[in-house]
Structures are given as C-alpha cells and as structure tokens.
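Undergrad: Got a structure here, written out as structure tokens. Questions coming.
The values are calculated or read from the model by the stated rules, or taken from the named source; none is laboratory data. Because the structure is a prediction, the values reported are computed rather than measured. Using ideal geometry, Cβ is built from the backbone for each residue, glycine included, and neighbour counts are taken over all protein chains shown.
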Amino acid sequence: MRINNIAVTIALVSLGFTCSKINAQPVANADNPLPHYVVGPPNGHAINKGLCFRELFEKPDQWKEARALTDALLYADWTFCEFTDSELKAWFAQMNQWKIKLELEVGAIKDWGPTGALTFKRQQPMWNRLQRLGGSIYSVAMDEPLCCVRGSMHKPDEYAVEETANFIGLVRANYPKMLIGDIEPYPSLPLAGQMKWIDALQKRLAEKKIKGLDFYRVDVDWIVFDIRNEGSWNEVKKLEHYCRSIKLPFSLIYWSPGTDLMKHRGLADDSTWLTGVMAQGYAYASVAGAPDQYVVESWVNSPSHSVPETADYTFTRSVLDFGRKFVAPLAPQRR
C-alpha cells in the first residue's frame with residue numbers, strides 16, 4: 001500500500017472496538033507500554049527527499065507543543081537511506097533527549113520479499129544501522145501482509161499466516177524487546193475478515209511458541225463509506241471492541257484519504273490534510289470510538305511542510321490540533 005516497492009528494492013540493494021467508557025491505556029507487556037500518540041510525517045522520495053522528517057530536527061523550536069504530546073515518531077524503514085549517518089546520529093540523540101520513541105513501518109511479506117525470512121534478511125541491515133547510530137527501535141508495524149499476499153502475490157491466506165508468523169518469530173528472536181504490530185486495511189478487508197485474520201495469526205504464533213502481536217492497527221479508507229457505501233465507523237468500533245476482548249491493543253491511523261481524489265479534481269492543498277484528519281477524529285468519536293493508540297500518519301504527499309506548528313496547515317499543526325482535541329483530554333496520565 002504505502003510502501004513503494006521499486007524504491008524499497010533500490011534501497012535494500014544499496015544496503016546489501018462498543019465500550020461505553022474510555023478504557024485506560026493497556027500495556028503491551030510489563031516493560032514496554034504501548035505509545036499512545038504516534039506521528040508519522042510525510043515520507044519518501046516523492047516528498048522533497050525527506051524534507052518533512054528533516055524539518056523536525058533542524059527546526060525543533062517550531063513544534064515544541066506538538067512534540068510535548070508525541071510519544072513516538074513513525075517512519076518507513078527504507079526511507080532512512082535518504083539521510084547520512086551523521087545526520088541520523090544527531091537526530092536520534094535529539095529524540096532520546098525529547099523521550100520520543102522510534103517506530104518503523106516495515107514489510108513482512110512483499111513482492112521484494114515473498115517470505116518472512118527473506119523480508120527480514122533484507123531489512124535487517126537498515127535496522128542495525130539505525131540501532132548503531134543511536135536509534136533505539138521501540139516498535140515495528142508490518143505493512144499489510146495479508147493484503148499483499150492476496151492482492152500482489154495471489155496466494156492463499158494460509159500462506160500469509162505462515163510467513164507473517166515466521167517474520168514475527170525472526171524479529172522476536174533478534175530484537176526481543178521490540179514491540180510488533182500489524183497494519184491491515186478496512187473496508188477492503190471487511191470486519192469478519194479482520195477478525196478471522198487476527199485469530200488465525202495469533203493461533204499460529206501460539207502453536208510456534210512465539211509471542212503474539214503487541215498491537216493491531218487499522219488503516220481505514222473512510223472516504224469509500226460514502227462513495228461506494230462500504231464499511232462504517234460502527235464496524236470499526238466493533239473491531240476495537242473485539243481487539244479489547246482478546247486483550248490486543250487497538251491502534252487506528254488518522255489520515256485524509258480524500259486528498260488524492262481532491263487533487264484529481266483540482267481542489268486539494270495542504271488544508272485538505274488537516275480537514276480530513278480532524279473530520280476522522282470527530283467521526284470516530286461520534287460512535288464512542290477511542291483507540292488504545294492514535295496514529296496521525298501521512299503517505300499522500302501532503303502536507304508539504306512539517307513546521308512550524310503555528311502555521312495553518314503544516315503536519316505538526318495537524319498533530320497539535322488533533323492531539324489537543326482527541327488525545328490529550330483522554331489521557332491525563334500519559335508520560
């Protein structure tokens with residue numbers, strides 16, 4: 001979905017659910033609490049070669065309030081090839097000073113890594129590079145392994161279960177303190193399919209004596225609720241409730257799926273992103289939705305800048321406005 005397979009290949013080669021009340025933030029394990037507010041600035045080569053990520057560190061005074069709300073910074077692992085070792089070393093030192101954790105969005109099964117073992121092998125050099133430079137990887141989020149197996153590889157779901165479990169096993173063995181979560185799309189993967197996938201993967205991990213998922217993250221293409229009359233926020237809330245029922249923290253991406261559509265109609269600009277993120281916030285809150293983890297993440301080439309947070313439509317302005325409205329009031333005991 002969000003990861004450009006061609007760009008990933010180049011980079012790798014160069015490296016060698018209804019609750020009536022808001023529940024307290026669950027703990028993924030005794031030592032590593034799940035970050036409550038995760039932010040992922042626009043990433044990749046298409047967005048000024050990492051400008052939005054770079055601005056966070058080169059202009060730190062321009063997002064102090066948004067940063068105070070942020071628990072973790074999310075970025076696709078392959079995009080770090082855009083930055084030098086000296087840059088990353090300095091930036092990771094800043095993150096440590098700010099007490100902001102690092103999360104990577106990663107492949108588990110991809111066209112360029114059709115097995116869990118091969119995908120892990122191809123990504124590990126980048127992970128080790130980041131660790132060597134001071135980037136303590138707190139968590140990884142797998143980019144839609146089931147969706148990839150079905151859509152790109154045309155293999156059965158059982159293949160996705162087995163190879164995803166193999167990938168998780170390798171991560172657990174090599175990075176035992178790292179949290180591992182899965183991202184899957186909705187409503188392209190319907191509610192029943194989401195639950196079936198979770199059950200099958202958790203069951204297979206248990207059979208292999210591998211610790212299960214630390215969180216389950218949903219990427220909701222909510223614009224199709226109206227355009228194609230598919231899905232609903234009530235169903236997303238049911239998925240949240242289901243995850244809680246099996247003690248699996250529920251993570252939700254907030255974004256603006258209408259950005260690309262509005263671009264085609266000549267209506268999109270940086271304001272489209274903020275409008276969409278806030279609209280999703282209100283929509284999910286209207287069905288009493290309250291994920292265990294809020295993720296504001298962009299992969300739609302917008303906004304064009306991350307800072308300053310005082311400007312009308314930058315990325316950190318969306319982080320600040322969304323965080324103040326939907327995250328901070330519900331988590332008074334954070335950090």
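Undergrad: Just to verify a result, which residue in the stretch 138-164, among those that are assigned to a strand (DSSP E or B) and among the hydroxyl-bearing types (S, T, Y), is nearest to P187 (Cα to Cα)?
TA: S139
Undergrad: Hey, another quick one. At least 1 residues that are under 22 Å from L201 (Cβ atoms) and within 20 Å of the chain's Cα centre (by Cα) in each: list the helices (runs of 4 or more DSSP H) lying fully within the stretch 59-136 that qualify.
TA: Numbers: elements: 64-69, 85-98, 116-132.
The helices (runs of 4 or more DSSP H) meeting that bar are 116-132.
Undergrad: Can I ask one more? For G289, only one of the following conditions fails: (1) surrounded by fewer than 16 Cβ atoms within 10 Å (Cβ to Cβ); (2) assigned to a loop (DSSP other than H, G, I, E, B); (3) of a type in the set (G, A, S). What is its number?
TA: Tallying (1) surrounded by fewer than 16 Cβ atoms within 10 Å (Cβ to Cβ); (2) assigned to a loop (DSSP other than H, G, I, E, B); (3) of a type in the set (G, A, S), G289 fails exactly one: (1).
Undergrad: Pairs only if they're at least six apart or on different chains, beta carbon under 6 angstrom, first in the stretch 147-160 and among the charged types (D, E, K, R), second surrounded by 18 or more Cβ atoms within 10 Å (Cβ to Cβ); list them, first residue then second.
TA: K155/V149
Undergrad: Is it the case that the stretch 35-45 has a residue that's at pLDDT below 50 and under 28 Å from D214 (Cα atoms)?
TA: no
Undergrad: Can you pull out every residue in the stretch 213-268 that is part of a helix (DSSP H, G or I), modelled with pLDDT of 95 or more and among the basic types (K, R)?
TA: Of everything in the stretch 213-268, those that are part of a helix (DSSP H, G or I), modelled with pLDDT of 95 or more and among the basic types (K, R) turn out to be K237, K238, R244.
Undergrad: Given the structure, is Y138 under 19 Å from N174 (Cα atoms), in contact with a strand residue (DSSP E or B) (Cβ under 9 Å, 6 or more places away or on another chain) and not small (G, A, S)?
TA: On the way: under 19 Å from N174 (Cα atoms): yes; in contact with a strand residue (DSSP E or B) (Cβ under 9 Å, 6 or more places away or on another chain): yes; not small (G, A, S): yes.
Answer is yes for this residue.
Undergrad: I would also like to ask the following. Among the candidates K263, K247, K238, single out the residue that is among the basic types (K, R) and at positive phi.
TA: Just one listed residue meets the conditions, K247.
Undergrad: Given the criteria of a type outside the set (F, W, Y), part of a helix (DSSP H, G or I), under 24 Å from K238 (Cα atoms) and more than 17 Å from the chain's Cα centre (by Cα), does G193 qualify?
TA: Details: of a type outside the set (F, W, Y): yes; part of a helix (DSSP H, G or I): yes; under 24 Å from K238 (Cα atoms): yes; more than 17 Å from the chain's Cα centre (by Cα): yes.
Answer is yes for this residue.
Undergrad: Restricting to the stretch 292-320, what's the tally of residues that are among the polar types (S, T, N, Q) and in a helix (DSSP H, G or I)? Spell out how you get there, then give the answer.
TA: Quick first cut of the stretch 292-320, residues among the polar types (S, T, N, Q) only: 293, 298, 301-302, 304, 306, 310, 314, 316, 318.
Of the ones still in play, those that are also in a helix (DSSP H, G or I) are 316, 318.
Adding up the residues that qualify gives 2.
Undergrad: Applying the selection to the stretch 51-90, what residues are surrounded by 20 or more Cβ atoms within 10 Å (Cβ to Cβ) and touching a Lys or Arg at 6+ places or on another chain (Cβ under 6 Å)?
TA: A72
Undergrad: List the residue pairs whose Cβ atoms are under 8 Å apart, where the first residue sits in the stretch 95-116 and is β-branched (V, I, T) and surrounded by fewer than 17 Cβ atoms within 10 Å (Cβ to Cβ), the second is modelled with pLDDT of 95 or more and outside any loop (DSSP other than H, G, I, E, B), and the two are 6 or more positions apart or on different chains.
TA: Within 8 Å, the pairs are T115/E163; T115/N166.
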